[in-house]
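Data block below; observations after.
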Amino acid sequence: MSALEARAAQHRTSARLELHQERRRKEALKRQKDARSDRSNRFRALEPEPQIEVDQQ
Amino acid sequence: IGALELQEKQWPELLGQLLKNMTTKDVGNSNLTKTSTLEALGYLCEDLEEEAVDQTETNQILTAIVDGMREDGAITVRVAAARALLSSLVFTRHNFDNETERTMIMQVLCTATKSPDEQLRIIAFESLARVAALYYEKLPQYIEALFTLTLTAIQQDKDEQVSMMAVEFWSSLCEEELEILEETNSVDQSRTLSHRQCARYVCAAASHIVPVLLQSTLVKQDEYADEDTWNLSAAGAICLGLVAQAAGDAIVPDVLAFVESNILHAEWRRREASIMAFGQLLDGPKPELLTDPVQTAMPVLVRTLKDNHTLVKDTAAWTLGRICELHAQRIPQGYLQPLVESLGGALQDSARVASQSCFALHNLAQAFERAPRSRETNALSPFFRPLLTQLLAATERRDWQDHNLRGQAYEAVNMLIQNHARDMRPVVLEVMQVVLQRLHSTFSTVVVSQDDKEERYQLQSLLCSVMQVITRAVDKDIEPFCDHIVALLLQVLNNEHAIASEEAFMALGAIASTVEQAFDKYMGDFFPFLIKGLRNYADWQVCSASVGTAGDVCRALESRILPYCDEIVRCLLEDLQNPTLNRQVKPAVLSCFGDIALAVSGNFVKYLPSTLQMLEQAAAMKISPDDEDLVEYITVLREGILEAYIGVVQGLVIRASQLHRLHDGGGSPFIKPHLGNIFQFLEVVVNENGDDPSLIKNSVGLIGDLATLLVQHAEEVSVYFRQNFVVEVIQEA
């Protein structure tokens, strides 16, 4: 890509829809990550307190 | 061929032979030979990797090229030499370190900017722009000369392409300075020393450059160019935006003076240029400096949406969109009604203006993103229904294809729905009915040509995106409509079109996350599509979306996913092993193993050997600090590995407690043999990704989960947990 083509790609009217699809993709990944993290943390909060035996060492 | 062969050191005599052409005097048509030779050298330089050429060879190439650019040479030879020089600049760091050689190259380039041949002038300015980016630190000796040459060319050159390349020099310089300032900023935060210094040339020269951009580029619009045409006024506008970012407050008075004296000018070019200048100024200076100007400009910009020139209206709508994007909090409450009503009115203007109006409405709606979702009402509620009606009408205009109007209008609909207040919920549900009806109709439209087919899929993809957004936005209120929605989404998947399928998968993932266990009734029909998606190696975005949806479904269904697990796991393992599948998909695949393990807990045991083996293989990937993309990829991959381990370990804890064996460490036999590798991986993450909060959070989370699982084996496993890095990362976290 020449310098001018690269610069033209920054032009305000270029490829806005593609950017939206990209954003949706990123948002979906973030939501999945958050859901996973919430679930792990919920699990950690609910988990019964294990009985800890004194480590002889 | 030469570029390939030289890389492998397989054609050592090539450069010698080419260079000989440049010195031989008795060749029949020596100018033609020299031109062809320089072109060949130029193409070689374009394709060669920097390390493929040693210094002696670089020197020889450069000597031949500089010789070719001599003023007394034929113009064809000089142009070919200039092109070759432009391509070779990336190899000439060593020569740029040497003042004599550097000055020689710069002199040759500066002389070429004044050549009578416009091609040569264009290439010379492009080369100077590249020098600014590659060798910024070497510019002090030359910046004054470059300043004069570029500004003269922008103002006086008869050829627009030459002026555009001279503008490009300043755009490149701005970008370089912004990059250095960003580096310095991040270095300051991490309290280490910065390697590069920003000389702030742009700031120093701003008072000269800005008037030139305003008077000699922005007003040179081409009335008949379409919106994507790259010309002098577009180049000047982008450059002004970059100068605003690099020089900040310094340019505010000059730009505002220009805006003030031209915004109501009788000549449309002046009106458009002034609005464009204002729009470009909005990102860079301190926001508080723009509060008054934004408030003063708003009523004028709103009125300008009814200007008699399309380009002026287009730029006014764009600038209002930028204000909504960057300075929404500076819009006084009383201005909202005229703004929204005028933008709504502009949706009936030409497709170009209507599309720009969608952009502005999208940004206005986005400004409400941070408002609490549960809020009963917000400032947009009074306009919500009419705006959605107007936007949905815009998607069905006869000229919907022009300027991507339909896509822009649906994206604005999405943003409005995403940020709606509680009182507008009934309107959102009405829109959902319209969208379902439209999606339903796409299956019965007459399709004749390939273009018709493509159009149908594009529309389905947009409608699926709205369905996804509505599902997320209305949460449980979606439940009564799910049967209908899922049936249509499955019909979309049945078309096997990449863009539409990706959006349909994401919408189905949203539904699964919302209705949770109730998604079970759709699994029988959905499952074959899910498997097909997971095996879609050609369209990696579809594969990626289906992996994400598989994770959503696992979290939603929990143990009810069990009957489908064998096949899902088989597909995921194949995805990981497939060398043709885009690597971007693989971290999500690893995370998905975590989702499955947690969903089916004890039943995951049968997949453990293959899963753990793959996690260990993935964990063994090393970072090469030279490859920035790889560094970023490995960070994401490590996040996936950690999420997978967390899911697996937590699943084993559940299994142990279900078997009432937590007390005696029921899951430990499976994980104990892998502890060495897991902790080795954790140590690498802590050492190499210590500044990434998400990775560190998951690392300490995993350490805690492992401790829970292995608590009854403390004596045996304590050696892992007592390592220095473990103690340190917990303290740090």
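Remark on the protein assembly as shown: hydrodynamic radius 30.3 angstrom, per the Kirkwood mean of 1/r across alpha carbon pairs.
Footprinting exposure proxy ranking of B:Val77, B:Val167, fewest other C-beta atoms within 10 angstrom first, gives B:Val77, B:Val167. Among B:458-465, B:482-489, the peptide with the highest mean count of other Cβ atoms within 10 Å heads the list, and the full ranking is B:458-465, B:482-489. Ordering B:Gln337, B:Leu326, B:Leu290 by Cα displacement along the dipole of the range B:282-338 toward the positive end leaves B:Gln337 in first place; charges were set at the Cβ atoms of Lys, Arg (+1) and Asp, Glu (-1). Dipole magnitude for the range B:583-733: about 800 debye, using +1 per Lys or Arg Cβ and -1 per Asp or Glu Cβ, origin at the Cα centre.
Counts of other chain beta carbons within 10 angstrom of each beta carbon in peptide B:235-243 average 2. Computed over the alpha-carbon pairs of the range B:406-503, the distance histogram in 5 Å steps reads 2, 13, 25, 24, 18, 10, 5, 2, 0 percent, short to long. Considering only B:Tyr136, B:Met467, B:Val585, and ranking their Cα positions along the charge dipole of the protein assembly as shown that arises from unit charges at the beta-carbon of Lys, Arg, Asp and Glu, the one farthest toward the positive end is B:Met467. The distance linking the range B:671-715 with the range B:117-149 is 52 Å (Cα centroid to Cα centroid, whole angstrom).
What is the range B:604-711's relative contact order, in percent, from Cα pairs under 8 angstrom and six or more apart in sequence? Write down the numbers at each step before the final one.
Working: 79 pairs, mean separation 34.4, N = 108.
Over the range B:604-711, the number comes to 32 percent.
Only Lys, Arg, Asp and Glu carry charge here, each on its Cβ (+1 for the first two, -1 for the last two); on that basis the protein assembly as shown has a dipole of about 1820 debye about its Cα centre. For the pair the range B:246-297 and the range B:66-97, the centres of their Cα atoms are 41 angstrom apart. Over 31 Å apart at the Cα level, from the set A:Lys33/B:Lys313; A:Lys26/B:Lys476; B:Lys158/B:Lys286; B:Lys34/B:Lys158; A:Lys33/B:Lys521; A:Lys30/B:Lys138, are A:Lys33/B:Lys313; B:Lys158/B:Lys286; A:Lys30/B:Lys138. Extension gain, B:Ser449-B:Glu396: 0.36 nm per intervening residue step, less the Cα-Cα distance, totals 17.1 nm. The stretch between B:Gln348 and B:Asn98 holds 83.8 nm of extra length on full extension. This uses 0.36 nm per residue minus the Cα-Cα distance.
Every helix of 4 or more DSSP H residues in chain B counts as -39500 (n - 2.57), and over all residues that averages to -23000 deg cm²/dmol at 222 nm.
About the centre of its Cα atoms, chain B shows a dipole size close to 1520 debye [charges on the beta carbon of Lys, Arg (+1) and Asp, Glu (-1) only; nearest 20 debye]. Sorting the segments B:49-57, B:218-226 by their residues' average number of neighbouring beta-carbon atoms within 10 angstrom, most packed first, yields B:218-226, B:49-57. For chain B, averaging the sequence separation of C-alpha pairs within contact (under 8 Å, six or more residues apart) and dividing by the residue count gives a relative contact order of 5 percent.
Sorted ascending by nearby beta carbons within 10 Å, beginning with the fewest, B:Met165, B:Met432 become B:Met432, B:Met165.
Figure the gain on full extension for B:Arg370 and B:Leu181 (residue separation times 0.36 nm, minus the Cα-Cα span) and round it to one decimal in nm.
65.2 nm
Sorted fewest first by neighbouring Cβ atoms within 10 angstrom, B:Tyr410, B:Tyr537, B:Tyr142 come out as B:Tyr537, B:Tyr142, B:Tyr410.
Rule-based calculations on the coordinates, nothing more; no lab input. Note that this is a predicted model, so its numbers are computed, not measured. We place every Cβ from the backbone using ideal geometry, glycine too, and count neighbours over all the protein chains shown.
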